[in-house]
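Here's the structure, in structure tokens; my notes come after.
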Amino acid sequence: MPKLKIIVGTTRPTRVADQVAPWVASVAAAHGSFDVEVLDLRDWPLPFFSEHFGTLGDMNDPTYSEPLVKAWNAAIKGADAYIVVTSEYNHSVPGVLKNAIDTVWASNAFRNKPVAAVGYSAGIGGGIRAIEHLAQIVVETEAVPLRNSVVIPFAHDAFDDTGRPTSPVTHAALDVLLDDLAWWSAALEQARTAGELPPGRARLRDAIDKARAAASPVA
Ligand SMILES: Cc1cc2nc3c(=O)[nH]c(=O)nc-3n(C[C@H](O)[C@H](O)[C@H](O)COP(=O)(O)O)c2cc1C
């Protein structure tokens, strides 16, 4: 069964993520398409990104600056699909979440896998601007951001005493998201098995090297 990892993108005490993420995880498990694991960034106190080619060592099995960074890269790489649960901080994703994504810089861990978002906020925007930014961010990792997402406005009041969202639209949106994620997960797994191109930036570097060599041939 495909592995779905749910990344919980805020860490502060009293966070509303503690209402959103358990609901997402329980509905995802009940969907029946995935083995579900929650990656709560509170459990992953990653350093501010500080990797460089000296900390990577062997590119095929990088050491990184700390064992936790190596473990985080392995945790992300070992998934077939992702849901990112993100609040909106100043019209974008929380810094701790951006840092966690930047930290998989060298492993191509998200590459050719689908990423869906569940956004929430205290205001009427429901995290929509964070979701839009997230799509821009993960596309650089060569992940596949999905169109259908969950948007939860006024998040402090969006769940009842049993932990379920009070709006039926919220639940319906998560079902749509999970159906899409299962479809994309299967399609991209098949495509990865058939064979992947090397990462785009490596192919571009090779093309530039070849063009430079052709422009200045050694006599
Ligand atoms: C640093 C910061 C920036 C915020 N910026 C926004 C914002 O741009 N738009 C919005 O609707 N809510 C914003 N909020 C309110 C959050 O959506 C709300 O506090 C939410 O509960 C935060 O998620 P969390 O509780 O999981 O940390 C901001 C909150 C914080 C702490």
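All of the numbers you see were taken from the coordinates with simple rules; none came from a lab. It should be emphasised that the depicted structure is a prediction, and the values quoted were computed from it without experimental measurement. Please note: Cβ atoms are built from the backbone with ideal geometry, for glycine as well, and neighbour counts cover all protein chains shown.
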For segment 3-215, what's the relative contact order in percent, using C-alpha pairs closer than 8 Å and at least 6 residues apart?
19 percent
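What order do you get for 62-71, 189-198 when each peptide is scored by the mean count of other beta carbon atoms within 10 Å, highest first?
Result, highest mean first: 62-71, 189-198.
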Total charge dipole magnitude, the chain, about the Cα centre, Cβ charges on Lys, Arg, Asp, Glu only, Debye to nearest 20:
580 debye
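Grab the eigenvalues of the alpha-carbon gyration tensor for segment 14-55, scale each by 5, take roots, and send me the semi-axes largest first in whole angstrom.
The three semi-axes for segment 14-55 are 30, 16, 6 Å.
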Looking at the square roots a ≥ b ≥ c of the eigenvalues of the Cα gyration tensor of segment 125-219, which shape do they give, rounded for a/c under 1.5, prolate if a/b is larger than b/c, or oblate?
prolate
Give me the Kirkwood hydrodynamic radius of segment 3-215 in Å, from all C-alpha pairs, to one decimal place?
18.1 Å
Can you list residues from other chains, or at least 5 along the same chain, whose modelled amide H is less than 5 Å from the amide H of VAL84?
ILE7, ALA116, ALA117, VAL118
Label segment 42-84 by shape, choosing from rounded, prolate and oblate, from the square roots a ≥ b ≥ c of the eigenvalues of the Cα gyration tensor; if a/c is under 1.5 it is rounded, and otherwise prolate applies when a/b is larger than b/c, oblate when it is not.
oblate
Inter-centroid distance (Cα atoms) of segment 86-106 relative to segment 153-219, Å:
15 Å
Any idea how far apart GLU37 and ALA191 come out in nm if each label point goes 7 Å out from Cα toward Cβ?
2.4 nm
Under a point spin-label approximation (7 Å from Cα along Cα-to-Cβ), what is the LYS210-ARG147 distance to one decimal in nm?
3.5 nm
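Lysine pairs, Cα distance under 13 Å, 8 or more residues apart or cross-chain: how many in the chain?
Taking the Cα cut-off of 13 Å, the pair count is 5.
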Considering the dipole of the chain built from charges on the beta carbon (Lys and Arg +1, Asp and Glu -1) around the Cα centre, which of PRO13, LEU204, THR103 is farthest to its positive end?
LEU204
Under 5 Å between amide H atoms, partner at least 5 residues away or on a different chain: which partners does ASP40 have, H built in plane at 1.01 Å?
VAL8
Stretch ASP161-THR55 to full length: gain in nm at 0.36 nm per residue minus the Cα-Cα span?
33.4 nm
Segment 155-162 - phi-based ³J(HN,Hα) in whole Hz, Karplus 6.51/-1.76/1.60, Gly and Pro as x:
4, 4, 10, 8, 10, 8, 5, 8
Decide, for segment 1-92, between rounded, prolate and oblate: order the square roots of the alpha carbon gyration tensor eigenvalues as a ≥ b ≥ c, take rounded if a/c falls under 1.5, and otherwise choose prolate if a/b is larger than b/c, else oblate.
oblate
So how far apart, in nm, are the two label points at PHE48 and ALA30 if each is 7 Å from Cα heading toward Cβ?
4.2 nm
Across segment 131-144, in residue order, what do the Karplus-derived ³J(HN,Hα) couplings come to in whole Hz, using 6.51 cos²θ - 1.76 cosθ + 1.60 with θ = phi - 60° and x for Gly and Pro?
4, 5, 5, 4, 4, 5, 6, 6, 5, 5, 7, 6, 7, 10
